[in-house]
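Some notes on the structure that comes next.
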Amino acid sequence: MGTLSASLNIAAQSLLAEQTAIQTTSNNIANANTPGYSRQITNFDEQSPIQFGNLNVGTGVAVSSITSQRSAILDLRVNQETQTQGALNAFLSAGQQIQSLFNQTTGTGLQTPLTNFFNSLSQLSANPSDPNTRQAVLTAAQNLATAFNQSANNLSTIQRSQNVGVTQSVSQINTLTTQIAAVNAQVSEATGAGQNAGPFIDQRQQLINQLSGLIDVSEIDAGNGSITLTTNSGAPLVVGNQSFQLSTQTSPSTGFQNVFDQGVDITSKITGGQLAGQIQIRDQEIPGILNNLDSLASNLANAVNTQNQQGFDLNGNAGGSIFVPPPASGTGAAANLAVAITSGSQIAASAGPAPGNPGDNTNANALLAIQNQPIVNGQTPLNAYSGLVFKIGNDVSSAQTNQQAGTQVLQQLQDLQGGVSNVDINQEAANLIRFQTAYQAAAQISGIVDALMQTTINMVPGA
């Protein structure tokens, strides 16, 4: 009876084990198309044998655990690459908007207004006494000032939109860290109770992946299934079941929103995710372009004003400023550039009093010559502008190249990750048959043992 009872117990344990494996396999098949789901496997352990006479006899099988198939290294690499892609995508989105502001093929930018301004001066030098030609110079100057104003204002608009984006990204980050902290507690609780924490880990990993698209994230194993999340600079985001909320405060120097963690300004230390790209555009790319535009507008206006003051206008008066003098520092020169004169007759084309020499074009030629003078950081106006446009295009092109390369790397990592975690329907179907066969065999053993026990019972007198 002892031996038959042991055999019946082994069969019963096997039925339970194979039933659990079938349930796990069924769950895998059901979640084959569930985003972020990691294939689960049932782990069997051989039970400790018992001594029967001089023999060690096996006592069957038991399910030791159900585990999700994940690669911590691949998860980490996917998150790291997602951070890089998040920053590049945000940079490119705004960078392409900036590039469109200086696209000569669509008629935007300063190339045409600059060229037209110097062309009008060339025509003035050929016919300095013609009122229509003088009016054309005034119109070209006004168009040039307007083009500077529009370029600077459009850049500022994009900059402000990125500032709003920073606030929105911080809000999204806080929502995700709150969710991650809650799931983190569930993982820790399930792990501590010896339960399958796989579904919670899958959910947490999905949330961390979304978080990585927004900000640089560093993950630390805190034990018992729990993790700690910080930025790469060490600012805490999630510790156990607690999330640390980021906040934004207006910078007194820029008027834009800076990012704070626990009262510490971490704006300049954010290196990954959408937030990093938005900050880079807002605090580095656009200020650099505006500085170059201001330099071009300021130096050009000062050079034109200085030269015009060396001559005499059509009425014989000493020339004044054609453009409103820009600020001494140059800051804001592009956004505020304006024409100071109201009549073409005020343009000082002559080197002497015009009434006595209306055909004199000496100073008009000197004004025209400014286009070939290195007045903007050692460059001519047009070359300085071309250099600015080249830098914008080069920055966008480099970001595009890096993004395309990064997309391929991320796809390869996700494919490798999928090879470990994704459900293979064919494999699960084969497993289902294997477990089904084992279950049927265990059931058959149970039936045989039951019959043998009945026979044994019937052999007992009086039974």
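Each reported figure results from applying straightforward, stated rules to the coordinates on display, with no laboratory input. Nothing here was measured: the structure is a model prediction, and the numbers come from that model. In this analysis, Cβ positions are derived from the backbone assuming ideal geometry, glycine residues included, and neighbour counts consider all displayed protein chains.
Count charges around ALA235 for me, please; just the other residues with Cβ under 15 Å from its Cβ, Lys/Arg as +1, Asp/Glu as -1. Numbers along the way, then the final one.
Details: positive: LYS269; negative: ASP216, GLU219, ASP261, ASP265.
Net of charged neighbours comes to -3.
Mind pulling the angle between the C-alpha long axis of helix 425-459 and the longest principal axis of the chain? Nearest 10 degrees, somewhere in 0 to 90. With rounding to tens, the tilt is 20 degrees. A simple charge model with +1 on the Cβ of Lys and Arg, -1 on the Cβ of Asp and Glu and nothing else charged puts the dipole of segment 76-412 at about 360 debye relative to its Cα centre. Summing charges over all other residues whose Cβ lies under 14 Å from the Cβ of GLN412, with Lys and Arg as +1 and Asp and Glu as -1, gives -1.
Annotation for SER171 and THR407: the two label points, set 7 Å from Cα along the Cα-Cβ direction, are 2.9 nm apart. Counting every other Cβ atom within 10 Å of each residue's Cβ, ASP221, ASP202 order from fewest to most as ASP221, ASP202. Helix-only arithmetic for the chain: the sum of -39500 (n - 2.57) across DSSP H runs with n ≥ 4, divided by the residue total, places the mean residue ellipticity at 222 nm at -20500 deg cm²/dmol.
Taking the Cβ-Cβ separation of GLN242 and THR34 as r and a Förster radius of 25 Å, what is the calculated FRET efficiency to the nearest 0.05? Show your work: numbers first, answer last.
Values: r = 29 Å, r/R0 = 1.15.
The formula returns an efficiency of 0.30 here.
The HN-Hα couplings worked out from phi for segment 113-129 by the Karplus form 6.51 cos²θ - 1.76 cosθ + 1.60 (θ = phi - 60°) are x, 5, 4, 5, 5, 6, 5, 5, 5, 5, 5, 5, 5, 7, 8, x, 9 Hz, whole numbers, x standing for Gly and Pro.
Ordering THR331, LEU410, ALA451 by the projection of their Cα atoms onto the charge dipole of the chain, which places +1 on the Cβ of Lys and Arg and -1 on the Cβ of Asp and Glu, puts THR331 at the extreme positive end.
What net charge do the residues around ALA72 carry, taking every other residue with its C-beta under 12 Å from that of ALA72, with Lys and Arg at +1 and Asp and Glu at -1?
Around ALA72, the surrounding residues sum to -1.
Under a 5 Å amide H cut-off, with hydrogens placed 1.01 Å from N, SER218 pairs with THR230, THR231, ASN232 among residues at least 5 apart or on other chains. Amide H contacts of SER64 (H built 1.01 Å from N, in plane; Pro and chain starts excluded): ASN43, PHE44, ASP45 sit under 5 Å, all sequence-distant by 5 or more or on other chains.
Under 20 Å from a label point set 7 Å out along the Cα-to-Cβ vector of GLN51, the amide N atoms of segment 1-30 belong to 2-3, 6.
Can you give the relative contact order of segment 76-412 as a percent, counting alpha carbon pairs under 8 Å and 6+ residues apart? Worked out over segment 76-412, it gives 25 percent.
Listing MET459, MET453 from the residue with the fewest other Cβ atoms within 10 Å to the one with the most, what is the order? Please report the intermediate quantities before stating the final value.
On the way: MET459 8, MET453 15.
Ascending Cβ contact count within 10 Å gives the list MET459, MET453.
Taking other C-beta atoms within 10 angstrom as a stand-in for reagent exposure, ILE220, ILE266, ILE375, ILE289 fall in the order ILE220, ILE266, ILE375, ILE289, fewest first.
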